[in-house]
Amino acid sequence: MSAPGFEPIAGRYVRFEIEGEPCRVYFEEAGQGIPLVCLHTAGADGRQFRHLMLDEAITSHYRVLAFDLPWHGKSYPPEGAFDREYRLTTDLYVASVRAFCAALELQGPVVMGCSIGGRIVLQLAARHGGEFRALIGLEAADFQQPWYDTAWLNRPDVHGGEVCAALVSGLVAPQSPRQFRDETLWQYKQGGPGIFKGDLHFYRVDGDLRGKLTGIDTRRCPLYLLTGEYDFSCTPEDTLRTAASIPGSQVTVMKEVGHFPMSENPAQFRRYILPVLDEIRAGASGQTP
Amino acid sequence: MNQNTGVTGVDAAALLRRALASAAAAGMTQRAPYLSARVVVGVDEAMTLVQFHEGRLELRERVPLLCPWDFAIRGGAAAWLAYWAPVPEPGSHDLFALSKRGLMSFEGDLRPFMAHLQFFKDLLALPRGERRA
């Protein structure tokens, strides 16, 4: 079925278990070729990657997939979990990504994650690098200094959606187009209560990877780190420090973008990500993940 | 000589007051109809009292002695002027970017601030528009 107004993005649900818990997970995809699994930022969902899915320069070579973590976007919390306090951990996050790749029977995918997704990419590189063709961390670092108390994100006297969006609004670069800035923030306004805060449990409490990234073999699994110059949460200095501890990792500081490069300024991000994807593709023929 | 003249020759406190006055005139506070709070905005040593009451805004160029206030936002003139640059540099483009660098501080009961965070960010960024004009 096709109609003139249809975009090439298709969305559907897939069922699989994460740490023994049955989950129904929503994902979107477009394109054909090397699987490129995209991981959204904390408190958001896979819509952040829609611009990549509409870019023929990418989708002609990559099957771009973005799933909503359970509790996010169109993925409900696991059955019976609604009354539980949501807390993302390193182990749960790694299990979620690997379970999604297994459920879709992806062979040697590239994984690209942003923010918490960028942090978990580092963990994937350290512990499971052999499963991936390449890894891309956007706004990624082994640690970054907190800049607010996450207790503000979920309390009855402050609107959670409004405060989450307002906090991260400063992470968008001033050059980013208004429409895309608003779309990026809208996802934060739509997030479930306590979900952004629960994601940041991984970021702030459980996922300090300083000193834990030894043994990453970038010859086996190339690692690319790209960070926006306007990101004061994960600063370019945070990424550069992290990269210095990982021999062979490749770092790019992106001009005129902030913490959400793929959704806040897709045209600018494209200038940086296309060469990376081309390089991965060029190396793909000689690699067997 | 005004101590807020700062490094660029711009009176940052006066710039802020003009912008806040124009915001009040333009009815920007309609975005925060339930906001009632006394806010101190500091530019170096110059303190402006901004009183919000059910969607109305009043300015006082000095904070009266022993006057209670709910929360204060303070920074140096150079930090404010960098924040108000037509296209601010990385690290000066957001109040929290500045506070993370130790150039802006938030004190007092921050609940009304956080409950109206985007409103306050936009309000306090208004001099950026004046500097573009």
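Key figures for this structure:
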quantity	calculated
Qualifying residue in the stretch B:15-33 (condition: open to solvent by less than 10 Å² (accessible area, probe 1.4 Å), under 23 Å from residue A:170 (Cβ atoms), within 14 Å of chain A (Cβ to nearest Cβ) and not basic (Lys, Arg))	yes
Candidate set: the stretch B:114-133, residues that are more than 10 Å from every other protein chain (Cβ to nearest Cβ) and open to solvent by less than 10 Å² (accessible area, probe 1.4 Å); chosen: the one nearest to residue B:74 (Cα to Cα)	B:124
Criterion (touching a Leu at 6+ places or on another chain (Cβ under 6 Å) and touching a residue at least 24 places away in the same chain (Cβ under 8 Å)) met by exactly one of A:232, A:180, A:196	A:196
Top-ranked residue of the stretch A:247-258 - restricted to ones that are surrounded by 21 or more Cβ atoms within 10 Å (Cβ to Cβ) and in contact (Cβ under 8 Å) with a residue 60 or more places away in the chain, ranked as nearest to residue A:200 (Cα to Cα)	A:258
Out of B:95, B:126, B:103, sole residue that is within 12 Å of the chain's Cα centre (by Cα) and modelled with pLDDT of 95 or more	B:95
In the stretch A:197-239, the residues that are in a helix (DSSP H, G or I) and within 14 Å of chain B (Cβ to nearest Cβ)	A:197, A:236, A:237, A:238, A:239
The stretch A:1-29: number of residues that are touching a Lys or Arg at 6+ places or on another chain (Cβ under 6 Å) and surrounded by fewer than 18 Cβ atoms within 10 Å (Cβ to Cβ)	3
Failed item in (1) surrounded by 19 or more Cβ atoms within 10 Å (Cβ to Cβ); (2) more than 7 Å from every other protein chain (Cβ to nearest Cβ); (3) under 26 Å from residue B:54 (Cα atoms), with residue B:107 passing the rest	(1)
Residue check, residue A:169 open to solvent by less than 40 Å² (accessible area, probe 1.4 Å), within 14 Å of chain B (Cβ to nearest Cβ) and closer than 30 Å to residue A:280 by Cα	no
Search result, residues across the stretch A:94-115 that are touching a residue at least 60 places away in the same chain (Cβ under 8 Å), open to solvent by 30 Å² or more (accessible area, probe 1.4 Å) and not in a loop (DSSP other than H, G, I, E, B)	A:102, A:103
Per-region count, the stretch A:204-236, residues within 20 Å of residue A:262 (Cα to Cα) and open to solvent by 20 Å² or more (accessible area, probe 1.4 Å)	2
Selection from the stretch B:58-95 of residues that are part of a strand (DSSP E or B), open to solvent by 20 Å² or more (accessible area, probe 1.4 Å) and either free of Cβ contacts under 8 Å to residues at least 24 places away in the same chain or under 23 Å from residue A:165 (Cβ atoms) (or both)	B:60
Residue, nearest to residue A:86 (Cα to Cα), within the stretch A:138-166, restricted to residues that are surrounded by 22 or more Cβ atoms within 10 Å (Cβ to Cβ), of a type in the set (Gly, Ala, Ser) and within 12 Å of chain B (Cβ to nearest Cβ)	A:160
Residue A:178 being over 30 Å from residue A:130 (Cβ atoms) and surrounded by fewer than 17 Cβ atoms within 10 Å (Cβ to Cβ)	yes
Enumeration of residues in the stretch B:17-35 that are out of contact with any helix residue (DSSP H, G or I) (no Cβ under 8 Å at 6 or more places or on another chain) and over 28 Å from residue B:102 (Cβ atoms)	B:21, B:24, B:25, B:26, B:27, B:30, B:33, B:34
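The values are calculated or read from the model by the stated rules, or taken from the named source; none is laboratory data. Worth saying up front: this structure is predicted, and the values here are computed from it rather than measured. Neighbour counts are summed over all protein chains in view; Cβ atoms, including those assigned to glycine, are modelled from backbone coordinates with ideal geometry. The accessibility values were calculated without ligands, DNA or RNA, using every heavy atom of the protein model including side chains. Shrake-Rupley method; radii C 1.70, N 1.55, O 1.52, S 1.80 Å.
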